[in-house]
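I have placed the structure first, in the form of structure tokens, so that the comments after it can refer back to it.
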Amino acid sequence: MRFEFSRGSSQRGDRFFPSHQQSNDQVAAIDMQSNSSATTNKNQPQTSHTSTSRSSDSGEACGGGNKWASKLLSECARAISEKDSSKIHHLLWMLNELASPYGDCDQKLASYFLQALFCKATDSGQRCFKTLATVAEKSHSFDSARKLILKFQEVSPWTTFGHVASNGAILEALDGESKLHIIDISNTFCTQWPTLLEALATRNDETPRLKLTVVVTAGIVKSVMKEVGQRMEKFARLMGVPFEFNVISGLNHIGELTKEGLGVREDEAVAINCVGALRRVEVDERSSVIQLLRSLSPRVVTIVEEEADFSSSRYDFVRCFEECLRFYTLYFEMLEESFVPTSNERLMLERESSRNIVRVLACDEENGGGECERRERGIHWSGRLREAFSPVGFSDDVVDDVRALLKRYKSGWALVLAQGDNHESGIYLTWKEEPVVWASAWKP
């Protein structure tokens, strides 16, 4: 699928990842219910764990019907909070009988949240999360990442929404500069940048020099980033844009970044792009990281985060669980309506979510739990960012580009502007009138 927009601020991931036929990637991950690795193939339908299970091609919305999964899961979360061992045992057994990672949306929710609840009840979250992350990392390759990203961008604007909005803000903020330095703090494999390179190549004035410094904030294997860098450099040559590509990895947290380590020079116009990065910072360290970004003297900082609150309720397990269940019910519903039932890519995205659910609900961050997954809502991020930055409203041209993007997907998606009267900033991507992604731009 090729996205075409005006002003070069479109998202065109297939220019970076040339499309060609490939065999299906096998998906390796731990199935916590069968205690074995699982692989799927489009020609091998999966059966559910019980004779009463419904097939996922029934077309029912996630959480539809009698919403049995959310009711049982919430009851189990309350039992864990109250330390009611007999009730916990009964509900975990019941959920295990009904859940299936290959069933309908309710069964999938039950399966992945059951895993997190079991880890919480048995205090095994850290061990489970590390095992899941290790298995996922071993199965990671450039080809599998490429296929997953392209397919997700083809069927859903979940990621491309933030790419188009951020690219537009960055291009406008750096307009007329000859030496650009974009610091990309994200795990998007640079799929955001080919379109921006093309836009720079078609500028009326002299083509600027672009330095792209990618800060890897997750366990992405080095071979993947090496392949990404080679393709970015090849694409830049094709576009005729002077280009330098750098990768910074191995950091324990973003707060370890320095101006010297990033190679920021006085004659460069700096832009900082954070996609899903701030939620990986420990809640108590977020203000200091925002001040760190301010110290880099950027012309613009673009922030994209998923719209959920796993932070304010982090010490209230039931409240945090209910918010987590609300958010991932929406996400799984979106995946169900966007992908065909037998999609390997859909299964990979669901399993990635299962790791995040375990991370949020069953891991103690104060005891070395690794990366954080504590999302905050746009209004909360706005409050934090206003301590160091001022909001930059997206121009009408950028908003028009984002709206043009959404028209290329199935109905149900919309763009909503933040309400300025309560100090919110940015724009929201909504799915069936529920905000799911927040994008904003800021200046010192």
Task: Unit charges on C-beta of K, R, D, E only; dipole of segment 267-351, Debye - done: 220 debye
Task: Average accessible surface area per residue within segment 222-314, 1.4 Å rolling probe, Å² - done: 44 Å²
- [ ] With a 1.4 Å probe and all protein chains in place, put Arg127, Arg351 in order of accessible area, largest first.
- [x] Arg127, Arg351
Task: Estimated FRET transfer efficiency when R0 is 25 angstrom, pair Gln419-Lys443 (beta carbons, to 0.05) - done: 0.75
Task: Rounded percent of accessible protein surface that carbon and sulfur make up, segment 74-191, 1.4 Å probe - done: 51 percent
Task: Length released on extending from Gln230 to Ser411, taking residue separation times 0.36 nm less the Cα-Cα span - done: 61.5 nm
TODO: For Tyr409, tell me the accessible area in Å² from a 1.4 Å probe, rounded to the nearest 10.
DONE: 20 Å²
Task: Percent carbon-and-sulfur accessible area, segment 290-444, ignoring ligands, DNA and RNA, probe 1.4 Å - done: 46 percent
- [ ] Compute the distance in nm between two label points, each set 7 Å from the Cα along the Cα-to-Cβ direction, one at Arg237 and one at Thr131.
- [x] 4.6 nm
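The values are calculated or read from the model by the stated rules, or taken from the named source; none is laboratory data. Predicted model, so just to flag it, every value in this text is computed and none were measured. Note: ideal-geometry Cβ built from the backbone for every residue, glycine included; neighbour counts use all protein chains shown. What goes into the accessible areas is simple: the full protein's heavy atoms, side chains included, and nothing from ligands, DNA or RNA. Shrake-Rupley method; radii C 1.70, N 1.55, O 1.52, S 1.80 Å.
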